[in-house]
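Trainee: Below is the structure I would like to discuss, written out as structure tokens.
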Amino acid sequence: ADVFNLGAIGGPPVALVLADRTLVNSTLANAVYTQWDYHFNDQITFTAGERFTDETKRFDVNSNNAGGGLSSQGLAAAGIQRTQHTALVTPRFALQYQLTPDIMLLASTTRGFKSGGWNARDTSSRNATAFRPEKIWSEELGARSSWFDNRLIFNVTGFYSYDEQIQVPSEVI
């Protein structure tokens with residue numbers, strides 16, 4: 001339940017229950033991943049991988065409020081879909097170069113995602129809008145090295161990411 005303390009208004013502290021509800025989220029996800037390594041020679045390896053994800057999410061709300069508030073019936077009345085489906089391919093490509101037995105250089109790019117969902121923090125069904133999955137591409141350049149018979153290990157990696165549909169926590173008022 002969302003509870004607010006009204007004591008700051010000037011009177012004694014009073015708890016006010018604005019929304020007593022039970023959220024029921026379910027996710028059914030199936031995925032398959034495959035990866036191939038191709039060795040051009042003893043020094044250079046190319047990797048290609050791919051993941052296919054098929055995901056269905058459902059959102060229901062059982063409201064205990066007499067006045068309604070956020071509820072599955074209210075979501076339906078507001079035209080908000082309570083089911084989301086995502087089918088997405090997320091690839092990965094990498095190149096590894098073994099410069100010496102102790103120094104390896106690498107580069108990779110990969111795509112990932114975070115599931116979509118609903119703004120379930122609100123107390124109104126019309127504001128419990130759905131949001132789409134966040135998708136991100138991540139680039140990586142790096143080096144792995146060992147020195148002095150493995151007594152010193154020095155690794156460095158740089159990352160760059162760019163995403164679509166970034167999910168930022170917020171509340172609709």
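The values are calculated or read from the model by the stated rules, or taken from the named source; none is laboratory data. Note that this is a predicted model, so its numbers are computed, not measured. Virtual Cβ from ideal backbone geometry, glycine too; neighbours counted across all protein chains shown. These accessible areas exclude ligands, DNA and RNA; they are computed on the full protein's heavy atoms, side chains included. Shrake-Rupley method; radii C 1.70, N 1.55, O 1.52, S 1.80 Å.
Trainee: Would you mind getting the accessible area per residue of the range 94-162, heavy atoms of the protein chains only, 1.4 Å probe, in Å²?
Mentor: Per-residue value: 63 Å².
Trainee: Could you work out the relative contact order of the range 35-146, using alpha carbon pairs under 8 angstrom and six or more residues apart, expressed as a whole percent?
Mentor: 25 percent
Trainee: Using a 1.4 angstrom probe with every protein chain in place, what is the largest-first accessible-area order of TRP137, TRP118? Mind showing how you got there, number by number?
Mentor: Details: TRP137 65, TRP118 25 Å².
Output order, biggest surface exposure first: TRP137, TRP118.
Trainee: Here is a further query. Could you work out the pair-distance distribution P(r) of the range 109-173 from its alpha-carbon pairs, with 10 angstrom bin width and percents rounded to whole numbers?
Mentor: 18, 28, 20, 16, 11, 6, 1
Trainee: A further question on this structure: Kindly sort SER72, SER63 by accessible area of their heavy atoms, largest first, with the probe set to 1.4 Å. Mind showing how you got there, number by number?
Mentor: Details: SER72 15, SER63 40 Å².
Output order, biggest surface exposure first: SER63, SER72.
Trainee: Using 1/(1 + (r/R0)^6) with R0 = 22 angstrom and r between the beta carbons of ASP60 and THR27, what's the FRET efficiency to the nearest 0.05?
Mentor: After rounding, the FRET efficiency stands at 0.95.
Trainee: Shifting gears a bit: With +1 assigned to the C-beta of every Lys and Arg and -1 to the C-beta of every Asp and Glu, and no other charges, what is the dipole magnitude of the range 84-143 about the Cα centre in debye, to the nearest 20?
Mentor: Approximately 420 debye in magnitude.
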